[in-house]
Amino acid sequence: MNAQLAVKLFACDLMRPAMRLAPRGAIRLLTVLGGGRQNDTDWNALARSYRVFYDRSLRAAVIADLRDWGGRWHYYPGRYYDPLNQTIIRKYLTSGGVYIDIGANVGIHTLLASRVVGDQGRVYAFEPAPRTFAFLSAHLAMNGCKNVTAKQCALTDEAGVAELACPHDHLGTATLRRAPCEVGAYDKVVVATTTGDEVLGEIDLNLGSRSRVVVKIDVEGYEHRVVQGMRSFLSQSDRIVVSMEITPAWLIQAGSSKERLLAEMQALGYEAYVPRLIWRWGMFRPVMKLFPGVPEGFGQIDALFAKGTADLL
């Protein structure tokens, strides 16, 4: 370990208790201390990089790799850095509900959903990257998540095989797109692909009056292809809520566009909203508000889609 990394590691470890107590701003403090930059290659030299800790907000044990900026962003604050999807899970899922995690990464949202839906609910997680799926499987085993079905495959618009680019700097950005220059160094692996209609047909959508199916789609540009492969499933029920990351440039690289994706969801009967978190002083959990429609001119945004949306607001 070089001296520069040793200083960063010492500073981040020293301030970890403060970051764990801070309701907001922990990532900014982590960046000041030298652990928050996504393009920081110093951390690659860390020999013993894995940390296991308990995330109280998830009620789950988690493995973090400090060489991955996502691992540092989770380990030092002690809670996951994507509060929006966690808020969506807590707001729209209840005991007995169903969560479908497409692009599950290491399974953080899968873990939370597993706790929320309980023994009467089900969680389905799909992650194609071999190393990432190994983390996902370990998290499920460590936390005894018996209500989760995990499959190592990519959901798209056809069954077969495809080449997945797996970046070195972050497990969560593996992509089926032809890897653009911003991905940086990456490995290529061949993965199995299938469609949502093929693998989700067994799910019973006759849920209780308060239960929903929440589908999260975060697949680095292949979101429209995922939707095309699960049209039948998405048409089955008015109780389905879809949370989706939309990156216009990546959709174009995957052969689609933001406009085509939104038109597809509208044709399936879904209305689009942009969820925003409203933070207030002293609040550790924000309030989520929905704004109708999807704006123009954004680089990346999270959108929420649902039918009969009056009870979402």
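Coordinate-derived values only; no laboratory data. What you see is a predicted model, and the numbers here were worked out from it, not measured in a lab. Please note: Cβ atoms are built from the backbone with ideal geometry, for glycine as well, and neighbour counts cover all protein chains shown.
In nm, what is the difference between 0.36 nm times the number of residues separating residue 141 and residue 249 and their Cα-Cα distance?
Computed gain between residue 141 and residue 249 is 35.2 nm.
Restricting to Cα pairs below 8 Å that are 6+ residues apart, what does the relative contact order work out to for the chain? Please round to a whole percent.
13 percent
Using the count of nearby Cβ atoms within 10 Å as a rough guide to exposure, how do 163, 296, 271 rank from fewest to most?
The order, fewest Cβ neighbours first, is 296, 163, 271.
Quick check: from the Cα gyration tensor, does the chain come out rounded (a/c under 1.5), prolate or oblate?
Because a/c hits 1.5 or more and a/b exceeds b/c, the chain counts as prolate.
Using alpha carbons only, how many degrees (0 to 90, rounded to 10) separate the axis of helix 3-21 from the longest principal axis of the chain?
60 degrees
Given H placed on each backbone N at 1.01 Å, which residues far from residue 241 in sequence or on other chains put an amide H within less than 5 Å of it?
For residue 241, the qualifying residues are 213, 214, 215.
As a test, work out the antiparallel percent of DSSP beta bridges whose residues both lie in the chain, rounded to the nearest 5.
Approximately 60 percent, going by the DSSP bridge assignments.
Which aspartates and glutamates have a Cα less than 16 Å from the Cα of residue 151, not counting those fewer than 8 places away in the same chain?
Filter leaves 101, 127, 197, 198, 202, 218.
Taking loop as defined by DSSP and a crowding limit of 13 other beta carbons within 10 Å, which chymotrypsin sites (Phe, Trp or Tyr not before Pro) in segment 1-107 fit?
Here no loop site has a sparse enough neighbourhood.
Can you work out the FRET efficiency for the pair residue 236 and residue 267, with r the C-beta to C-beta distance and R0 = 25 Å, to the nearest 0.05?
Efficiency, from the Cβ-Cβ distance: 0.95.
Which one of 109, 21, 94 has its Cα pushed farthest toward the positive end of the charge dipole of segment 1-149, where Lys and Arg give +1 and Asp and Glu give -1 at the Cβ?
So the residue furthest toward the plus end is 21.
How do 252, 100 rank when sorted from fewest to most other Cβ atoms within 10 Å of their own Cβ?
Final ranking by Cβ density, sparse to dense: 252, 100.
To the nearest 10 degrees, how steeply does helix 108-117 sit against the main Cα axis of the chain, on a 0 to 90 scale?
Orientation of helix 108-117: about 50 degrees from the principal axis.
For the chain, take the longest principal axis of its alpha carbons; what is the angle in degrees between that and the long axis of helix 83-92, to the nearest 10 within 0 to 90?
40 degrees
Taking 8 Å as the Cα distance limit and 6 or more residues as the minimum spacing, I'd like the relative contact order of segment 3-75 as a percentage.
26 percent.
Nothing charged except the Cβ atoms of Lys and Arg (+1) and of Asp and Glu (-1): what's the magnitude of the dipole of the chain about its Cα centre? Round to the nearest 20 debye.
1340 debye
Within 10 Å of each residue's Cβ, count the other Cβ atoms and sort 270, 222 from fewest upward.
Lowest to highest Cβ neighbour count: 270, 222.
Give, in nm to one decimal, the length gained when the segment between residue 61 and residue 24 is fully stretched (0.36 nm per residue of separation minus the Cα-Cα distance).
Here the segment from residue 61 to residue 24 would lengthen by 11.2 nm.
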